[in-house]
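Enquirer: Here it is, the structure, as structure tokens.
The values are calculated or read from the model by the stated rules, or taken from the named source; none is laboratory data. Predicted model only: the values in this text are computed from it and were never measured. Methodologically, a virtual Cβ is constructed for each residue, glycine included, from the backbone with ideal geometry; neighbour enumeration extends over all protein chains shown.
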Amino acid sequence: MGEHGVASAAVDARGRVLAWSADARRLLGHESAEVLGRPAADLLADPLPPSAHRRLVEPDHWRGRVHVRHRDGHRLELQLDAHPLRDAADEVQWFLTATVPELATQLRRWALEQFPVPVALFDQSGFAVSTNAAMEGVMGRMEHDLVGRRVGESADGSRRLKGFEGLGEAVDRVLRTGETLPYEAWLHAPGEPREHAWLISLSPLRDDTGEVRGMCLAAMDSTEQFLARRRLSMINESGFRIGSTLDVSRTAEELAEVCTDHFADFVIVDLLESVLADEETAVPPGPGLPVFRRAAQRSVLDGCPEAVIPVGTRHTYDEASPPGRALHTGRALLHAGEDLVRAKWAAGSPLRARRIEAYGMHSLMAVPLRARGVTLGLSILVRHRTPQPFDEDDLLLAEELAARAALCVDNARRYTRERAVALGLQRSLLRDGAPRQAAVEVASRYRPASSRAGIGGDWFDVIRLSGARVALVVGDVVGHGVRASATMGRLRTAVRTLADVDLAPDELLTRLDDIVLRLDAESDDAQSAESPGEIGATCLYAVYDPVSRCLSAARAGHPPPAVVTPDGAPRFLDVSAGPPLGVGGLPFETAEFELPEGSVLALYTDGLVQASDRDLDDGLGLLRQALLGAGGPLEETCEKVLGSLLPERPADDIALLLARTRALDAGQVATWDVPADPTSVARARTLARDQLAAWRLEDASFVTELVVSELVTNAIRYGGAPIQLRLIRDTALICEVSDSSGTAPHMRRARTFDEGGRGLLLVAQLTQRWGSRHTRTGKTIWAEQALPAE
């Protein structure tokens, strides 16, 4: 209470002093005669707070602190209690008591006033009754303007300030429930030039009985901590969002999306043209401006209206512009709005200058995209809707995001290059197109597994054989990647070589099995952690003869072929499975089938019928169902089969080969038995000449007669009966001579005085190709020549 005791006074309804106590005289230095009849407001050093004015309008008890002026002029703070009293005329008289706060009370008041954290006290109704200087500084208003108002209420009390709506609800909850409530908000206080993050503590104030009589609001400025957390969160988020695919363009788009989602209004990502062209030296060392290609751009405005250059367009930057300087120095650059003109950002582009002015671009960052010592491009970040300019922390964040994006771009372009090499290898090993032949019509599909390599060991082939026949091959090397593809290429080459010898299917697979065993042995000799030694492979080899309509097939651990005859349902041919290639020591068996013309053969690898969610039997059943109605175009049937059986993400490579059989009619084949007598050679020439005349191929008579003469003579001289001559008119003119001898002929160069040895040399020179094949009863020597132009 202090040395002055309790000062008291009375004030009438018009605010004039009616009574003045001795303690009041001692407290303020005014004698009774000096104050009686005068307005009490003359004694105040500051106006009454709004809460006191409301109590004057609706007379009610009010308690609070006021500042008064001592008679000698110094300011004095008093704790004032105002009690309304009514007289006989029902007019309100005010009885006032005032005390000087005790030292402890003053210390608490000074601590509250000087506490650097903004603090405000609220009564039970949610109105502010006191604030400290820090709160005045934040809100930009004096205490007497804040007291008597709710949280975030405007100066005129007509509305809530932006961002304070939820805080007001939290205050009401604390006053209603008495619970302490933390509150985190991003607010733009009236006294602040920009938004801040605030960590606000709302604590109830209780009296001695525990009843909530008010609330204390303390606000901590956590902007820096909030921004640091947000930057850390952005960097963490960028690790998931940037580089989600191994695609250069998509990676650029993801960088632009992350930046505009969080701290930029307009983002451009430009990649050097040399990077997209897959050149190692990204920035040309010589004179001349580097050429960029716009990879991505994104804006907070719909349609990206700030952009001057469309995505995909080639362009350059002036050397003095921020992008040009950033590219030259290799360092990120930050420019404020007034620097844009000095930095010649809009140099050489009036349209860009107009866009800068129209959209109010006031802050810019140019950040190089560098990875593994190579500059790949630039990212340009602009602000025009966000009022705050970029700062150094934003520049560091942009550099971190650009570094992550650059590494992903570099990984993507390296992957693209390596995948292109691998796919080029795969394409070079797979069949480019069906050879010109009349035995079958073919359609095929190859689908790699959903691995990053994109290549594997499955293959198929169509090989033209002698006698108008054709070989159909499907194989599968276990594994994926370049090694499996390289092994597949070696086996495919071996199959073509063995097919050229015209081996039977079972014999060809036996020889191929020996080759795989040798490859295994060679791999074991050079075995390492990166190159395991064991090779696993399967193969199906089938030969179709359009003359006899006979199919001969053998398989080495491969799924059986399916066939759809023109008048029948799909079925699987009963071909003995045989062991996989590389087992060794076990035989293969050839199965023969006579097929009607127009039958559709389906050869495939196990990836088509076997998947993680189904077994082989279920897969074969689905394939049989998909082949129903295979009489239409083979390309459509291929798509139907893949659509029915192909998993969304195949775990294994898939190869599919469809072949529709054709048959050569009797008019395209002529066969004669030739006696083993030298005099029969002339007769054979005559028969051949007459047949060519019937086929209207007289222009081929001279060469054909010579070939027939030489081949029949060799058969009579070195072979044995029975001898047979056959002419086939297919895509080429084929001449075949068969005999019972198993001795294969070979071409040699005759010496000067030799009487023979020139026949096969002449045949080789006059025809497109020639060869021999072993049969069950001997051998057949054949030669092909092109059909004369009609």
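Enquirer: State whether the residues of the stretch 608-615 include one that is without any contact (Cβ under 8 Å) to a residue 12 or more places away in the chain, of a type outside the set (Ser, Thr, Tyr) and in contact with a helix residue (DSSP H, G or I) (Cβ under 8 Å, 6 or more places away or on another chain).
Expert: Yes, the conditions are met somewhere in the stretch 608-615.
Enquirer: Could you list, ordered by first residue, the pairs with Cβ atoms under 9 Å in which the first is in the stretch 591-606 and not assigned by TED's automatic domain parsing to the domain that holds residue 636 and the second is surrounded by fewer than 18 Cβ atoms within 10 Å (Cβ to Cβ) and in a loop (DSSP other than H, G, I, E, B), at least 6 apart or interchain?
Expert: none
Enquirer: Right, next: Polar (S, T, N, Q) and within 18 Å of residue 371 (Cβ to Cβ) - does that describe any residue in the stretch 230-241?
Expert: Yes, the conditions are met somewhere in the stretch 230-241.
Enquirer: Counting only residues that are surrounded by fewer than 16 Cβ atoms within 10 Å (Cβ to Cβ) and either in contact (Cβ under 8 Å) with a residue 60 or more places away in the chain or under 42 Å from the mean Cα position of the chain (by Cα) (or both), which one in the stretch 200-222 is nearest to residue 179 (Cα to Cα)?
Expert: 213
Enquirer: Restricting attention to helices (runs of 4 or more DSSP H) lying wholly within the stretch 1-120, give those where 3 or more residues are farther than 30 Å from residue 198 by Cβ.
Expert: 22-28, 32-35, 50-57
Enquirer: Out of curiosity, is residue 715 in the same structural domain as residue 461 (by TED's automatic domain parsing) and either in contact with an Asp or Glu (Cβ under 6 Å, 6 or more places away or on another chain) or in a loop (DSSP other than H, G, I, E, B) (or both)?
Expert: no
Enquirer: Between residues in the stretch 29-51 that are among the basic types (Lys, Arg) and residues that are crowded, with 17+ Cβ neighbours inside 10 Å and at pLDDT 90 or above, which pairs lie under 8 Å by C-beta distance while being six or more apart or on different chains?
Expert: Going by the 8 Å Cβ cut-off, the qualifying pairs are 38/17.
Enquirer: Here's another thing I want to ask about it. Quick one: is residue 576 within 24 Å of residue 513 (Cβ to Cβ) and at pLDDT 90 or above?
Expert: So residue 576 fits the description; yes.
Enquirer: May I pose another question? Restricting attention to the stretch 534-553, report how many residues are under 44 Å from the mean Cα position of the chain (by Cα), over 14 Å from residue 657 (Cβ atoms) and outside any loop (DSSP other than H, G, I, E, B).
Expert: Within the stretch 534-553, residues that are under 44 Å from the mean Cα position of the chain (by Cα), over 14 Å from residue 657 (Cβ atoms) and outside any loop (DSSP other than H, G, I, E, B) number 2.
Enquirer: Specify the residue that is nearest to the chain's Cα centre (by Cα); the eligible residues are those in the stretch 590-633 that are part of a loop (DSSP other than H, G, I, E, B) and among the polar types (S, T, N, Q).
Expert: By that ranking, first place goes to 612.
Enquirer: Take the residues of the stretch 668-716 that are in contact with a Pro (Cβ under 7 Å, 6 or more places away or on another chain) and either of a type in the set (Phe, Trp, Tyr) or within 21 Å of residue 741 (Cβ to Cβ) (or both): which is surrounded by the most Cβ atoms within 10 Å (Cβ to Cβ)?
Expert: Top of the filtered list is 716.
Enquirer: I'm trying to understand the selection: among the residues of the stretch 379-395, which are among the β-branched types (Val, Ile, Thr) and at pLDDT 90 or above?
Expert: 380, 382, listed by residue number.
Enquirer: Being surrounded by fewer than 20 Cβ atoms within 10 Å (Cβ to Cβ) and over 19 Å from residue 505 (Cβ atoms) is the filter here; which residues of the stretch 771-784 pass it?
Expert: 778
Enquirer: Identify all residues within the stretch 646-665 that are more than 21 Å from residue 440 (Cα to Cα) and either buried (at least 19 other Cβ atoms within 10 Å of the Cβ) or touching a residue at least 12 places away in the same chain (Cβ under 8 Å) (or both); write none if there are none.
Expert: The answer is 646, 647, 649, 650, 651, 652, 653, 654.
Enquirer: I would also like to ask the following. Looking at 643, 585, 629, which one is on the phi < 0 side of the Ramachandran plot, exposed (fewer than 14 other Cβ atoms within 10 Å of the Cβ) and either free of Cβ contacts under 8 Å to residues at least 24 places away in the same chain or of a type in the set (A, V, I, L, M, F, W, C) (or both)?
Expert: The unique qualifying residue is 643.
Enquirer: Now for a separate question. Does residue 726 qualify as being among the basic types (Lys, Arg) and either part of a helix (DSSP H, G or I) or buried (at least 20 other Cβ atoms within 10 Å of the Cβ) (or both)?
Expert: no
Enquirer: Those residues that are outside any loop (DSSP other than H, G, I, E, B) and surrounded by fewer than 23 Cβ atoms within 10 Å (Cβ to Cβ), I need them from the stretch 353-369; list them, please.
Expert: Selection gives 353, 354, 355, 356, 357, 358, 359.
Enquirer: Right, something else. Within the group 583, 575, which residue is part of a loop (DSSP other than H, G, I, E, B), in contact with a strand residue (DSSP E or B) (Cβ under 9 Å, 6 or more places away or on another chain) and farther than 26 Å from residue 776 by Cβ?
Expert: Selected residue: 583, the only one of 583, 575 that is part of a loop (DSSP other than H, G, I, E, B), in contact with a strand residue (DSSP E or B) (Cβ under 9 Å, 6 or more places away or on another chain) and farther than 26 Å from residue 776 by Cβ.
Enquirer: Same structure, new question: Condition first: basic (Lys, Arg), assigned to a loop (DSSP other than H, G, I, E, B) and either within 26 Å of residue 132 (Cβ to Cβ) or not assigned by TED's automatic domain parsing to the domain that holds residue 390 (or both). Can you find one or more residues in the stretch 208-215 that meet it?
Expert: no
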